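The structure under discussion appears below in the form of structure tokens.
Here, each number is a calculation from the coordinates, and none is a lab measurement. In this text, all values refer to a predicted model and were calculated from it rather than measured experimentally. Note that we place each Cβ from the backbone using ideal geometry, even for glycine, and neighbour counts take in every protein chain shown.
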Amino acid sequence: MTDLQKNLDEVTARITQAAKKAQRDPGEVSLIVVTKGYPAQTIQDLYELGVHDVGESYVEEGLEKQKGLTSLERAQWHMIGHVQSRKAEAVARHFDLVHSVDSLKLAKRLDRFSRESGRVLPILLECNVSGETTKHGWPAWDQKQWETLMPEIAQLVELSNVRIHGLMSMAPLLEESDKARPYFARTRLLRDHLTSKFPQADWSQLSMGMSGDFEAAILEGATMVRIGTAIVGRDPIGGD
């Protein structure tokens, strides 16, 4: 746990420094610790260090961990990975926030299963702001095409059992983190555009930034950063 504490302290300090550089309150930025590939004990250790927001990329893995960690009453489970339609029911019933809603079809399924569960599920809309074919999300890399997204977003806003709270995006993997800023800035501009189009929805959250670029994301307005490697180490599966 010593290494976890050290890494957590270092990341927290970097978040604070980046927020102050952007003339923002560090308290505006929530840390989601990504624990994919790591056992439930890692989450238990993090919880004892004050981490309550846990990010999982795979539905089955997240559910298995939840079964063994029912005593963590303040834990908030974030689904940050791609959600297949057939797994929407499990996600709607067992996760506290879904960052990766990337289609109207998925949103409708989450809405249906949330309604059946008697809950309203907070969601973020995942946006592909880089144009990379390896990334999921609403096609948002070309600002000139944003208007083509509006009819589906309008339908999504009207759903009663999923509640929009903002956007999620990922920048390309770049050697220099500052070069990620334009992608995060594009996400923020899209958020502002959606706010003007659909003021009845809550667009306040921007889930942006991972271990290699979270400071750049904070400079561009991130309110949630999803960090794995910098805290728990590179996961056995690979990636952040």
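Which value in Å does the Kirkwood hydrodynamic radius of the chain take, with 1/r averaged over all unlike C-alpha pairs and then inverted? Present the calculation step by step, with values, prior to reporting the outcome.
Details: mean 1/r = 0.0554 Å⁻¹.
By the Kirkwood definition, the hydrodynamic radius is 18.1 Å.
What does the charge dipole of the chain about its Cα centre add up to, to the nearest 20 debye, if the Cβ of each Lys and Arg holds +1 and the Cβ of each Asp and Glu holds -1? Numbers along the way, then the final one.
Numbers: 29 positive and 34 negative charges, 118 e Å.
Roughly 560 debye, rounded to the nearest 20.
What trypsin sites (Lys or Arg not before Pro) in the range 32-82 are in a loop by DSSP, with at most 14 other Cβ atoms within 10 Å of the Cβ? Each step should come with its number before you reach the end.
Details: sites: Lys36, Lys65, Lys67, Arg74; in loops: Lys36, Arg74.
Filter output for the range 32-82: Arg74.
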When N counts the residues of the range 64-152, how does its alpha-carbon radius of gyration compare numerically with 2.2 N^0.38 Å, as a ratio?
-> 1.22
Hey, if you put +1 on the Cβ of every Lys and Arg and -1 on every Asp and Glu Cβ in the chain, which of Ser30, Ser85, Thr229 ends up farthest toward the positive end of that dipole?
-> Ser85
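In deg cm²/dmol, rounded to 500, what helix-only [θ] at 222 nm does the chain give when every DSSP H run of at least 4 residues adds -39500 (n - 2.57) and the total is split over its residues? Could the numbers behind the result be given before it?
On the way: 9 runs with 95 residues, N = 240.
Computed ellipticity for the chain at 222 nm equals -12000 deg cm²/dmol.
Kindly provide the GluC sites (Glu not before Pro) of the range 45-152 that DSSP labels as loop, not H, G, I, E or B, and whose Cβ sees at most 12 other Cβ atoms within 10 Å.
Glu73
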